[in-house]
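The values are calculated or read from the model by the stated rules, or taken from the named source; none is laboratory data. This structure is a prediction, so every number in the text was calculated from the model and none was measured. Cβ: placed from backbone, ideal geometry, glycine included. Neighbour counts: every protein chain shown.
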Amino acid sequence: MISFEMPEKIEHAVVLAETIAENMMRPVSRQFDENEHEIPWDYIEFMHTSLKAMGGGGLTPSGEKKKKEGPRISFQRMAFQTEVLSWGDVGMWLCTPGGGLGAAAVNAAGTDEQKARFLARHRGEKPVFDAFALTEPHAGSAMPAEVRTTAVKDGEEWVLNGEKIFVTAGNKALVDSEGFVVIWATIDLEAGRAGVRPFVVEAGTPGCKVTKLEHKLGIRASDTVSIILEDCRIPSENILGSPEVVKKKDKKGFKGAMATFDATRPVVAASALGIARATLEKLKELLAERGVEIRYGLPRSRMTNIEREIVDMEVMLRSAWLLTLKAMWQMDEKKPNTLAASMSKVRAGDVVVKITQRAIELLGPLGYTREFLLEKWFRDAKINDLYEGTGQINRLIVARQILGYTRHELS
Ligand SMILES: Cc1cc2nc3c(=O)[nH]c(=O)nc-3n(C[C@H](O)[C@H](O)[C@H](O)COP(=O)(O)OP(=O)(O)OC[C@H]3O[C@@H](n4cnc5c(N)ncnc54)[C@H](O)[C@@H]3O)c2cc1C
């Protein structure tokens, strides 16, 4: 039976997230946008303490075992929390400690021992961050086939060399806390995708250095960095997955990356929809203050153009949310979700860009001014159509999934 009721456990998490979003995020949203690279420690400390009290070290589920009764809901809960916290402030949500993209990769590709070893730090005294570094100066979308960062085995260690760019929360993971970054490197340059593996590089490892903090259009509370790896030595057991390369047939290496994206793309979708909802709510509030109420019950032909546009935005928002929930439900049920994950990401990326842009157009100068957060949300929106695979790349994945084509047949 399909139920559209929100489970009680999710409801509790949503109420807490709403309180945080309204009281800890919105009031300082502008401050952290205007002071790029300032770290929202109050929010971080509070989240660390409350997530720990709730039994976890972050928002990312850690492979919840099937309980005797009731469905698994961790990924769906994370979607709701993410949507609400991004409604509060998406840049700050990206500063949530524990369980970032790095943890998602460890969860997707690591052994139980590795999960315990790397993720336990998120439940420690201090907030700890993690990050995921796949993109390199010469390629992003073409990854992981084009990875040039190398990992060479030397006795009981791997030696990493290369450069990674645009790493979300890289500074928090390596400089501001005792965290880690999952670095994607090749153990065999000749083998292409088959040679690519994720490696966990912990904060303080010699040879791993943050070299640049980006200045960005949006999500300015979140740090995005470049990382250089120069003869960076890590223990042999920090490789996630098998160190063996079986050319052409071996898909295990990058399977981990793909599994990570199946888990994280719907999260980005949920985040995008939080910004879109914030915008739509503010748009309706400002219109109402100016005497424009939306008459939802009217036939479309009798509505004004603004009313029709608002109704269309509601449809876009809710349909994208249902796709996102489907992708997360499939994650919870351990069903393949590549199609729904990419679909939700495409749809939510489009929806947030359209709604934030149209809100500014409809409100005119009111939308453009810094008096309101609408112009900030417009700037925060676009990243959702870029990271975790651009809109174009996710459309390709959707097409391949539907048509049953391989990447060689459709690229
Ligand atoms: C703020 C921010 C944070 C980021 N965080 C991370 C992170 O934490 N970790 C990480 O590894 N990366 C991160 N990235 C990198 C991001 O994932 C890449 O920017 C993205 O994958 C695109 O890669 P690219 O920039 O090299 O663009 P390119 O791959 O060069 O693409 C350029 C354009 O061409 C299009 N294109 C490329 N190939 C095709 C194709 N086959 N068909 C149709 N169109 C195509 C793309 O859609 C895009 O519009 C981040 C980026 C930003 C801006």
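Observations on the model:
- Verdict on VAL152 being assigned to a strand (DSSP E or B), away from the ligand (no atom under 16 Å from the Cβ) and not basic (Lys, Arg): yes
- Helices (runs of 4 or more DSSP H) contained in the stretch 293-406 and holding at least 1 residues among the hydrophobic types (A, V, I, L, M, F, W, C) and within 24 Å of the chain's Cα centre (by Cα): 305-332, 338-363, 374-381, 391-403
- Screening ASP176 on (1) within 13 Å of the ligand (Cβ to nearest atom); (2) under 30 Å from LEU373 (Cα atoms) shows it passes everything except condition (1).
- Qualifying residue in the stretch 381-397 (condition: more than 15 Å from the ligand (Cβ to nearest atom) and of a type outside the set (A, V, I, L, M)): no
- Residues located in the stretch 124-149, provided they are surrounded by fewer than 16 Cβ atoms within 10 Å (Cβ to Cβ) and more than 16 Å from the ligand (Cβ to nearest atom): GLY124, GLU125, LYS126
- Here the stretch 155-173 is the region considered, the condition is being on the phi < 0 side of the Ramachandran plot and among the small types (Gly, Ala, Ser), and the residue that is farthest from the ligand (Cβ to nearest atom) is ALA173.
- The residues listed here are GLU190, GLU202, GLU230; of these, the one that is away from the ligand (no atom under 16 Å from the Cβ), in the same structural domain as GLY155 (by TED's automatic domain parsing) and modelled with pLDDT under 95 is GLU190.
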